[in-house]
Every structure is written in C-alpha cells, then in structure tokens.
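One structure is given here, and the rest of the page talks about it.
The values are calculated or read from the model by the stated rules, or taken from the named source; none is laboratory data. Owing to the predicted nature of the structure, the values given are computational and were not obtained by experimental measurement. For neighbour counting, all protein chains shown are included, and Cβ atoms are generated from backbone atoms with ideal geometry for every residue, glycine included. All accessible areas refer to the heavy atoms of the entire protein, side chains included, with ligands and DNA or RNA removed. Shrake-Rupley method; radii C 1.70, N 1.55, O 1.52, S 1.80 Å.
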There are 2 protein chains.
Amino acid sequence: MFTLGIDFGTNSVRALVVRCADGAEFGSTVVNYPSGRQGVLLDPKDHNLARQFPGDYLFGLERSVRAALAAAKRKRGFSAAKIIGIGVDTTGSSPIPVDAANRPLAFDKKWKKNLNAQCWLWKDHTGVREAARITELAARHRPQFIAKCGNTYSSEWFWSKIWHCLNVAPEVFAAAHSWVEFADWIPSVLAGVDRPAKVVRGVCCAGHKALYSDEWGGLPDKEFLALLDPRLAELRDRLYEKAHDATVSAGQLGDGWAKTLGLPAGLPIAIGEMDVHYGAIGCGVAEGVLVKVIGTSTCDCAVVSADKAVPDIPGICGIVRGAILPGFYGIEAGQSAVGDIFKWWVEVVCGGGGALHAALTKAAARQRPGQSGLLALDWNNGNRTILVDQQLTGLLLGQTLYTNPAEIYRALIEATAFGARAILERIKEYGVPVNRIVCAGGIAEKNPMLMQIYADITGCTMQVSGSSQACALGSAISAAVLAGAHADFPAAQKAMTSVQPKSYQPIAANQRIYDELYRLYRQVHDAFGGVSQAADLSRVMKDLLALKVVSRE
Amino acid sequence: MFTLGIDFGTNSVRALVVRCADGAEFGSTVVNYPSGRQGVLLDPKDHNLARQFPGDYLFGLERSVRAALAAAKRKRGFSAAKIIGIGVDTTGSSPIPVDAANRPLAFDKKWKKNLNAQCWLWKDHTGVREAARITELAARHRPQFIAKCGNTYSSEWFWSKIWHCLNVAPEVFAAAHSWVEFADWIPSVLAGVDRPAKVVRGVCCAGHKALYSDEWGGLPDKEFLALLDPRLAELRDRLYEKAHDATVSAGQLGDGWAKTLGLPAGLPIAIGEMDVHYGAIGCGVAEGVLVKVIGTSTCDCAVVSADKAVPDIPGICGIVRGAILPGFYGIEAGQSAVGDIFKWWVEVVCGGGGALHAALTKAAARQRPGQSGLLALDWNNGNRTILVDQQLTGLLLGQTLYTNPAEIYRALIEATAFGARAILERIKEYGVPVNRIVCAGGIAEKNPMLMQIYADITGCTMQVSGSSQACALGSAISAAVLAGAHADFPAAQKAMTSVQPKSYQPIAANQRIYDELYRLYRQVHDAFGGVSQAADLSRVMKDLLALKVVSRE
C-alpha cells in the first residue's frame, strides 16, 4: 500500500509516492510554477507584495503527480491501484479569494490580471498597517486572541491580507464570495467541492493564522471584526464555523481529478496543513522532540499532549490544539533568517558563490569556540521568536583589524544557534519538554559544522531527518493514517520516518565556552531587543577578549 | 634663506628644504630604513614587540639630507650656504638606551643583536603589564601624574618601556647609562653631544610620555619611581632635570655632521618634537584651529594660550605646556584606527585592493546620510580618546539581508567621524576653542567624500593642509623661528603654511540626519564603553530604520 504526499512550496510543487509499510519513497517529482518570477507575482513598485496565480497550483499538481506515479511505476511492486490516500501541504497563510463556486476569482477573465485577485502568498507583507491595527484592537478588546501568537498579529496572516484587500481593492473584496486558505483549497479541488461553505478547513491554518479557536467559538466574533470593518464581520458568515485536525478527512478524490491524475476515484484526502507542520510529522515530531526545518529561515515545531494545560508562551508564534498532530497542542516558533544570513554574507557582502561558501565553511570549521572574539545577532530580517519584532536588524561586534570573513561567517552561524537556543529555553521554561532536536532542510543535511555548533550551543542532541522530503512525507503519513494503513500517527511515524545514523552530541568543552558566549548574546539581545531598558554592556567586549585568550589554551 | 626639516617616521625619513619667506619646498627626499621589516625589528614570538636599529636613523639622515640638498640645488636661488637652521621631528615615545657617551648600546658589538638594546619604537606594546601597574600606582599615590593623560598610562610610553626592559633584560638596563627619546637624540647627534646629561630634552616627549611637568618639579619623584623599582629611582639621576619648549635650541650643528651633510657647521638646531606636533605647526595650528593628521590612525592637536587655566580633560591623551607651540598648552588626542579600519574592510574582509577601495568610495559617495540604516563603532583597534581603553573592539549594527559592502564602507567612515566628533565635543566642553579643522595626511588629500562626511558630522569647516609634508615643514618652521627668520611661530606659520583652496563646509540637511545618528552612536558608545551602566538601547535599531525612511524623502 502506498500514499501520495503533495507539498506545495513557494516556488514549486513536489509529489511523493510513499510505501506505507516503511516510508520508502518510490517516486518523487518537482514541478516549478510557471508564472511570475520563480512562481511569484511581484509589483516593482511595492517590495512587500507577493502573489501567486492559483492556476499554477493546478498545473503543478497535475504534472508532479503524474510524473511521480510514472517514476513509481518503474519500481517493482507499485501500481497506481495500490495508492490508498492523498495528503496535501502548502505554504500559509496564503488565502485565495474565491467565487460562490469555490473557483478562484483569478480564473475569471475579469480578474485574471488583477494582482489582488490572486493567491496572497505567505510572504506578502502589504498588510503591515492592518496587522498593526489588528494587534492594537485585539490588545484592547480581545487580548486572548493574540496571547497565543506572541501578542502580535502578523502582516503575513489571513485577516491582515483580507482587510488590506478590502482597503486597496474593494472591488475584488466585493467580488469574492469567500476566502480559502491554499492548504484547504487544494484538497477541496481534488474532492470536487463546488461551494466554499463545503470546504473542510484545517485547524492548522485557522488556528495559527486566522485567530480561530474552539475556546471562543471559532473565528473572531462579528463584534470584533466590525471594529476592523463591518464588511469583514459580514464576510465571517461566508467563511466557516468549524476547523478540524487531521482526524477529519478533507473529502474523497472526485471523478474529474481522478481521471486527470490516473488514480482511483474516491481515495480519501487528508486534511490540508501548512508545509512545516506536516514536515514536523515527517521528521517524527512527538512530545519531547523539537523539529527544526532549517532553510532560508527556520521553523520550529513541537507538540504537547492536549491532556496537559499549556500556558500561553510569550513570544511564540502559535499554540494551537490539533494544528500538527491530533490530540496534541501544536507549537510553532521560528527565526526570520538563517540560511539567508549566510547567503547575505557570502554573496552580497563578500561577492562570492558556492565556492566561497565552501571555502569559508572549511576555514570556519577549523576555528575553536570563542577564538574569534566575535558576537553577532541573527536579526538581519527581524526577530520572529522570541521578540516578535520585525523592526530589529543585524549586529556584529568584537571585530579587530585582523578579523577575517571566515570568522564572521562562523559568528553568523553561531548567532543563529544562539537564536535557536533562546527559542528552546523559552518553550522549555513554559513546560514544553525537549529531549532531542530533529532537523530537516538542505543546510542540516549538508553542513556538519553548523549541526555541531547547534548541538554545542543548545546542549541538545541534534539529529537529521532521514527524508529530504519531510513535508511531502508528512502529508503521505497523514493520508496513510486516514486510510487506515496505521492505527494512529505515532504508529505511522514509527514505521514511515527515520533519522540519519549520524547524530551530533554536545561537546562539553565547547559548551562551557558557548554558555559564556550565550550569556553575552542575551545581554546584547535583551538590550537591543527592549527586554532590558537598563543594560550594563560595559563588560561585553572585554569578556569576549578574555574568552579569546581562554579558547587558545 | 632656507631651513631644513627632517621628519623621522615609522618606516622612513624625509628631509625637506623650505624657503623661509613663503614655505616653498625646494627639495624633498625620502629614504627607507634598511633593517628589519619595513624598518621595524620584530619578534615572531611576540606581536607586541617593535624595535628599530638606531643606525638606520643615521643612515637615513645622511642620505635624505644630501639628496634633498642636491634636489634643491637644481632650483634657482638655492645654495647650501643659504640654510640657516635645522629642525627635527620623530616618532615617539621611542626611547633609546645609550651609554655614557650618548651612543646607543646597539652600536656596541656586544648588544648589536639584542632586541632590547635597540630603540623601543612608539608602537611597541611589550610593556602592557608595566603600564597597568604605573596607572594603578599613580592613581593611588600621584593622581596628578595621570590626570593629564586621560588617567591611563600607556604601554607605548617611556616608563612602561624602560621598566619592561628592566624586567625582561636587566643586563641591558644595567648597561644603559641613560635613555634618550628618539626626538631628542637626533638633534644631540647633529650637535655632537657626547654625554646624555648634556642632551637638550624637549618638553613635548617629556610632558606627554614621561610624566614630566614643571608643576611637580620635572620627572616623577624618586619616591614614586621606587614604588615601581628602586633601580628606576636611581636612573632618574641619569636622565634630566629640565625639559624645554621650542624657544630653546637643541644645539649647533657639529663639525662632523656638517661635513657629512655638506652644511655649514654651527647651524642652530631646533628642539626635537614628536612628528604630529611639528605636523600641527606645519598645518597652521593656533588657538581655535584643530589639526587632524589622518592616516592609519589619527592624531588631533590643539593649543590654548598658557595664560588661560586649562583644566584636566578626562580621556584626553595629554595636556602639556609648550609641547607644540611655546606659550601654549599643547593638547593631544587621537583615534587608534582610522585608515586602518577602511583598509581592514577592503583588504582583509572583502579581499580587494586599490581598485576596490576606489569602487567602494565611488558607490559610498552616492549614498545619502542615514540611507543604509547602519551604525558602526570605530574601535577595531580600541579607543584612544575619549575612553582610553584598548580592550574595546569594533561593532556594526543595522544590517539587513540587502546591506552591501559599500554601505558598510561608508558606515565605517562615518564611525571614524563620530569618533572625531566625540573628541571635538570633549575638548570644546572643557574650554578649548575650535573654529575650524585643518587635516593632513593622504586620506585627507585624496578622499573628498570622507572630508565632506567629517564636515557634516562635526559641523565644522574642514580644510586640507597646503603641504603634503606637514611634519617636516613644521620642523623647518621651528628652525626658521629659532634662526630668526621670523619673529615668532605665528608669523612664521603665516608666511610658511597654507591650506588648499578647496574647503569642506557642513551641509545643513546632512547635519540634521547626522546629529540624530550621532545621538545613537553615543548611546551605543556609552553603553559598550562603560560610560553608561544602565543603557536603554531598545530604540536604536528602530530609530535607524526610521532615519532610513527619512533619508529617502
């Protein structure tokens, strides 16, 4: 038996055929979105704008699935008839304005070229003013709404985007019968759902991005939405009452798409979740396991049994029951830039490419902790967790006239690890157990130096996911559980996920130096991050110089 | 009538023939020191060590003067007989251990190869522990000694070096009859002085580097020196009782050197001063004029009439009566690295050379103040003034994922200008008037962008010295005054110095932005420099981002 996991990323979609018994990957294909710049529709006059043509999703869906099935068929023991379910994950919050037939407005000639009628991609920041106003209004009238997302509502999220659309393109807002998250829309398309009201909504996007909670009866109440705009309160009636975790199916594969993809009609479709959430499942997330997807930025996911009372955790992006695994609170945190910072250093500042990345990595690997005397903050793209402040920037200190690019490169890696430790300490402090960390993403797979630094700085065993397609794998797992191939998620994860044999253990001697450096990092972090308004930084540079001497011994 | 100015730098010596009437330069020759690495004797095991073979000085003296005279002779109206005096400046504090005949120990076969028997070059830092101990002992027993040098005695200075010699090479210390500053020794050689006691000592080195002041009867008292080591108290008897300003002659040219150089015997020799002090004179220093020599580091010189009461100025390297101009207090301050920081950025970090310097300069010139959102501290080599703390390091903040090398280059230039402003504000606060700034050095001559930034940040008119050989010119001026070609220094400076026609005026719009940036610079400066132990830095990054927006308007 096999399931199909389909992972819609920012620039491309991947389809993966997975054997339910052991997670073996039988076929895998990536298809790039054809429109815009690497699949993203941009506005040269507004760098905050990022949209996508929903037709690209269907284009990519068909091609990737057919190609993955074709690849799988070349292997012994597979046939399309053995597929028992489909799972889907996408980026989010990426809401799509749809008409009364659940068709994206962008499919209509009238709106085809209107950027506001497209899918509002997760990284679209045009709603920055609306986000600030939502934060303000919620703080005053409904503090519970934002307590679960670090007390700050983001411009990347559902309501900021829809409200911004209403403000800048009221004609588009008026034409939209409803708005559907990308992660909910794809399953609904596969299931042939022809009315937005019938779209099965996942609690993952709803809870993390749309202020949905069963605690307060679903989406924000109309009274609150009317404070934003009465038309948003009206819209609520055309959205949804209930959002579901992965125990609920998004529907069955309809005849049309069954034919298009060459799959049996009626296959169960798992509920849609955001990519990193299914990615966490694909990495084996469980209570005590933190999953880090390390890429241009990082996303951290953890779960805590829903039997426990989980307090609000200050500065954490979201705590949503059922968002990742059914029966658990899903906890999401993240760093706004990680790989992007290394890329900035090597490519934008040093003017190099892959060869320089490799050379600096090699040189940095020879350095000992503390040896450079440098300390950096990982805020070149703001701080998502634990400060939730986009208005922060990078910092580097400790440089002398001899400081070289490889030392700075290593200091930047260390800075991201210190940022990771700040997240880890924050969630542990609020009762989320973390015994080991499983990482996914190209950086985790390819950079042993970085992994060792992360182990030394966090004091935690670091493992690397056994699959390079953790998100698609997680989707396939969800489908396998839904289809009954495994009794539950833990059983499915046990059978279908793995970690690489090589793990990274903290080295005590390095930990001692890094504990000191982390103390200094926190001093600078708290001073510039506004945690401390009366900071004594007079020893920071001197302590770094002293550690430089110690590290040589 | 002409005078000869001889400027002994770190790597070479320059001789300059100057016409007394108008300062016209008739001949100029540079000769490199032949020994060691670029003239400096190093110890691969100790990067703090920097010595020079005194024989190199005599080698360079002969060759440079003869060549400069030869060059002058090719011009109409000059003959060696028209030379009426000689002036000398050197690096300092650069003490030389000499025997009872005023001969450097290093001229003796026995000591020739002993690094401790050479001249201890200004940038030798081997006496860092001795310096700390002198600071400590003076603070406890003679606070007045160090009140005039920022309350910190430096490892670069006279007593640190001699005491270190005593500690590490007691046999050299024992063999030395006395120690003579490089700036005093060259004039004494020219004058044929054959006993250290007869060497005429300048108050410039004595006051700035050897804790000499007429206020407390000359050099530090024997009781204090005995706290360091009784043998230093004994040495005091073989040093000097009195040090002099430039109204006193160092002697007359002796027969030997007259013959060697091809000059008339008996020529008056001006008292020796440190290079930047005579450089200040060559740049036209006067009350209200601050002279900045901008090179790898900067040295700032100002004067205040000795009729006024000048208080001790916290954090200022030195305030010495007669050190620069007779009848004035000489005030010296400086920045530990300026050109060196730019060089570090371009060469060590970006891996470029002259072409990249030029390209970054061009790109940086197109940026508007505040546009990059960056802020840097100029402490890659510590802070000389106003914090007097070698244990400080560089800092850069405000970087995003788009920050480019030219923006950082400009931020580093601005950082050195902010450092310059901190010095300026400190001395003005303590009553030293500054109406305009005259700069010397290659950077001032070649980099209009830097000069404009300095004008905008300091709010002061910036001028560039008319002579590229300001130090040698200042020596020649001192000789001209001594020989009677001019009534006094102001008259000589009026006739013999000039500034370039192009001056740099502050631009009001830039000043407004830079005033804001300087406020932020001081916040960060004071926090990391230990001025403030309860700093609120929570707005720094946000204010920089706000300025970034303002600068675009």
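Computed from backbone phi, the HN-Hα couplings of region A:509-526 come to 5, 5, 4, 4, 5, 5, 4, 5, 5, 5, 4, 5, 4, 5, 4, 5, 4, 5 Hz, rounded to whole numbers (Karplus: 6.51 cos²θ - 1.76 cosθ + 1.60, θ = phi - 60°; Gly and Pro given as x). Surface composition of region A:2-274: carbon and sulfur atoms hold 50% of the protein heavy-atom accessible area at a 1.4 Å probe. The residues neighbouring B:Gly36, those whose beta-carbon lies less than 9 Å from its own, together hold a net charge of +1 under the Lys/Arg +1, Asp/Glu -1 convention.
Relative contact order for chain B: what is it in percent, counting Cα pairs under 8 Å that are at least 6 residues apart?
Working: 1273 pairs, mean separation 86.0, N = 553.
Rounded, it is 16 percent for chain B.
Structural descriptor for region B:337-435: relative contact order 30 percent, calculated from alpha carbon pairs under 8 angstrom and at least 6 residues apart.
Residues of region A:358-393 that bury at least 30 Å² of accessible area when the other protein chains are present, relative to the chain alone (probe 1.4 Å, heavy atoms, ligands and nucleic acids excluded): A:Asn380, A:Gln391, A:Thr393. For the rotational copies A and B, the chain A residue with its Cβ nearest the relating axis, together with that separation in Å, is A:Ala534, 2.
Could you report the buried accessible area between B and A, both sides summed, computed with a 1.4 Å probe and given in Å² to the nearest 100?
On the way: alone 21300 and 21340 Å², together 39060 Å².
For B against A, buried area totals roughly 3600 Å².
Quick check on the protein assembly as shown: take the gyration tensor over C-alpha atoms, sort the square-rooted eigenvalues as a ≥ b ≥ c, and tell me if it's rounded (a/c under 1.5), prolate or oblate. Prolate.
Distance from the alpha carbon centroid of region B:327-375 to that of region B:518-534 works out to 21 angstrom. In nanometres and ascending order, the distances from the B:Phe107 label point to those of the other copies are 10.0 (point 7 Å from Cα along Cα→Cβ).
Interface residues of region B:516-553, defined as a loss of at least 20 Å² in heavy-atom accessible area between the chain alone and the complex of all protein chains with a 1.4 Å probe, are B:Ala527, B:Phe528, B:Gln533, B:Ala534, B:Ala535, B:Asp536, B:Leu537, B:Ser538, B:Met541, B:Lys542, B:Leu545. Take B:Asn32, push a point 7 Å out from Cα through the beta-carbon direction, and compare it with the same point in every other copy: 5.4 nm, smallest first. Phi angles of region B:158-175 translate, via the Karplus equation with coefficients 6.51, -1.76, 1.60 and θ = phi - 60°, into HN-Hα couplings of 2, 5, 4, 5, 5, 5, 5, 4, 4, 6, 9, 9, x, 5, 6, 4, 5, 6 Hz per residue; Gly and Pro are given as x.
With a ≥ b ≥ c taken as the square roots of the eigenvalues of the C-alpha gyration tensor of region A:362-435, please select rounded if a/c is under 1.5 and otherwise prolate if a/b is larger than b/c or oblate if it is not?
Numbers: a/c = 3.06, a/b = 1.63, b/c = 1.88.
Oblate is the answer for region A:362-435, as a/c is 1.5 or above yet b/c matches or exceeds a/b.
List the lysines whose Cα lies under 17 Å from the Cα of A:Lys123, skipping any in the same chain that are fewer than 8 positions away. Reachable lysines: A:Lys45, A:Lys161, A:Lys209.
Helix B:54-73 and the long axis of chain B differ in direction by around 90°, with both axes built from C-alpha atoms. Placing a label point 7 Å from the Cα of A:Val531 along the Cα-to-Cβ direction, the distances to the matching points in the other copies come to 2.7 nm, shortest first. Quick check: the angle from helix B:448-458's long axis to the longest principal axis of chain B, C-alpha only, nearest 10 degrees? Helix B:448-458 sits roughly 80 degrees off the main axis of chain B.
Spatial offset of region A:67-83 relative to region B:196-258 amounts to 95 Å, using the alpha carbon center of each. Going by the alpha-carbon gyration tensor, a ≥ b ≥ c the square roots of its eigenvalues, is region A:217-290 rounded (a/c under 1.5) or, if a/c is not under 1.5, prolate (a/b greater than b/c) versus oblate? Verdict is oblate for region A:217-290. Helix B:354-365 and the longest principal axis of the Cα set of chain B meet at an angle near 50°.
Using the Kirkwood radius over Cα pairs, work out the Stokes-Einstein diffusion coefficient for region B:353-499 at 10 °C and 1.306 mPa s, in µm²/s as a whole number. Before the final figure, lay out the partial values.
Details: Rh = 17.6 Å.
Taking Rh from Cα pairs, D becomes 90 µm²/s.
Accessible area per residue for chain A in Å², computed with a 1.4 Å probe and the full protein assembly in place, what is it?
Details: 19550 Å² over 553 residues.
With all protein chains present, chain A gives 35 Å² per residue.
Volume per residue for chain A equals 145 cubic angstrom (convex hull of Cα atoms). Taking B:Cys350, B:Cys460 and ordering them by how much accessible surface each has at a 1.4 Å probe, largest first, produces B:Cys350, B:Cys460. How big, in percent, is the set of alpha carbon pairs in region B:103-210 lying more than 24 Å apart? Cα-Cα pairs of region B:103-210 separated by over 24 Å account for 28 percent. With only Cα atoms counted, region B:2-274 has Rg and Dmax values of 18.7, 62 Å.
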